[in-house]
1. What order, most packed first, do the peptides 265-277, 428-440 have when packing is the mean number of other Cβ atoms within 10 Å of each residue?
2. Please compute the net charge surrounding ASP49, taking Lys and Arg as +1 and Asp and Glu as -1 over other residues with Cβ under 12 Å from its Cβ.
3. Could you give P(r) for region 23-114, binned at 5 Å from zero, as whole percent values over all Cα-Cα pairs?
4. Could you pull out every residue, at least 5 positions away or on a different chain, whose amide H is within less than 5 Å of the one on SER132? Hs are placed 1.01 Å off N in the peptide plane, and Pro or chain starts have none.
5. In Å, the Kirkwood hydrodynamic radius of region 127-259 over pairs of distinct alpha carbons?
6. Please label the shape of region 204-253 as rounded, prolate or oblate, based on the square roots a ≥ b ≥ c of the eigenvalues of the alpha-carbon gyration tensor (a/c under 1.5 means rounded; beyond that, a/b larger than b/c means prolate, else oblate).
7. Averaged over every viewing direction, what's the projected area of the C-alpha convex hull for region 312-449? Give it in nm², one decimal, please.
8. Which one of GLN10, ALA86, PRO138 is farthest out on the positive end of the charge dipole of the chain, using unit charges on Cβ (Lys, Arg +1; Asp, Glu -1) and the Cα centre as origin?
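The values are calculated or read from the model by the stated rules, or taken from the named source; none is laboratory data. These numbers come from a predicted model, not from an experiment. Cβ coordinates were reconstructed from backbone atoms using ideal geometry, including for glycine residues, and neighbour counts include every protein chain displayed. To get the accessible areas, we keep the full protein, side chains included, count just its heavy atoms, and leave off ligands, DNA and RNA. Shrake-Rupley method; radii C 1.70, N 1.55, O 1.52, S 1.80 Å.
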Amino acid sequence: MVSRAAFGTQASLRGPKAAVSFAEAAQMTLFSGRVTDLEDRCVLIAAKDQLNAGLALIELDGFASRIVICPPDFSADQLASVISSAEVDAILCDEETSDVPAGTPVYRLGVPSLSESRPQRRGTTEWVMPTSGTTGAPKLVAHSLARLLGAIRKGPSTGEQPVWTTFYDIRRYGGLQMFLRAATSGATLVLSDSGDTLEAHVGRCLAAGVTHIAGTPSHWRRLLMSPFVASLQPKYVRLSGEIADRAVLQRLQAAYPHAQIVHAYASTEAGVVFEVHDVMEGFPREFLGERDGVELRVVDGVIRVRSSRSAIDYIGADDRCLRDEEGFIDTDDAVELRADRFHFLGRRTGVVNIGGLKVHPEEVESVINMHPQVHMSLVKARKNPIIGDIIVAEVVLKGDARENENHDLRDEILSICRDRLDRHKVPAVLKFVASLNVVPSGKLERRSA
């Protein structure tokens, strides 16, 4: 997996406690000579430490028949479901854990050490991971390494190599893309840590000289509302995983006027579909059709994708079909054409019904977020025993606005909604809150009120 571009450079994986160059990673072992026990087997990586997980991915690719990548926040029940669905033969852990079901061999990852006799890549490994929306029994999808690398530009590098960081965990699709980008291009990647404070992560980024940063819009809003936003001066800002609305794009442009700002549309199933470079919400109509091995359609207001970068299939789900008869994946992402540009509305399955009319919460949020005193918002339905479901908006104000919160500000926000939204989409209740919950995938937590 590690390309020649990573050799002879200082490119490395940098965790909170240690750093390993990619040149060293290609020669290291975590298994103290026992890696041959895992040849042609299905191996689940349940390491708590991201650096260990990354090193295990490098060592096992081309050696294990299947790698199953498990996010660190999975419950014991979710882990058991994955082990059964993916037909796991062995589990890799870096510390004692009681969450691993009995009956599956567990291998303890040792301290990374250089090995002159480490077995080299021999075949093709299937990469399996859960979809980002997994809350109950995990829905698993399988990729090949070639498909995962499909959106990563190849070719000789010119100039100084970037230093990346990502707010994502590399055991989720968005973070894995950054990990693979670094490993195959000779770029350094500064890893986040679930126990990190934002200040600690920013401090490590500054020490490493980070130039390129990736995260969800919720990750970026968290940084934008912190006192550390001015500490970083990235050359490249990347958003994915949620809708990048006009408000967050404009605020990032104001905070980092010299940075290239890109928002990408991708999913675990469809892969990376496209990137938007014009710092505008949505995407141009001209993206429809086939571009760079990806064919894009909008059918009944929902994006469909046929791509050489998409997943191979679902795992352990005989009744679930990834593609239609023509090979297109239904993404469940709803869009609306306005002039010559498609605007994201939200997930089709996330629509709420108000008096028989449909409302996409994300569409309402994008309007609320445009108010200059609003930092972020969350819109959801709440049951009312008299009039049925109503729209409720929870709004986080910017620091100075929080200190002077008043009814005039609430009326201003609702007035903007009335001007720009159909009547049934205007929140019946708008309340100011100190914060909004973000799930481990980096997305806003969306649950009915």
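1. Descending packing order for the listed peptides: 265-277, 428-440.
2. -1
3. Over region 23-114, the share of Cα pairs per 5 Å bin runs 3, 14, 28, 27, 18, 7, 3, 0 percent.
4. THR268
5. Across region 127-259, the inverse of the average 1/r is 15.9 Å.
6. It is prolate, given that a/c is not under 1.5 and a/b is the larger ratio.
7. 12.1
8. GLN10
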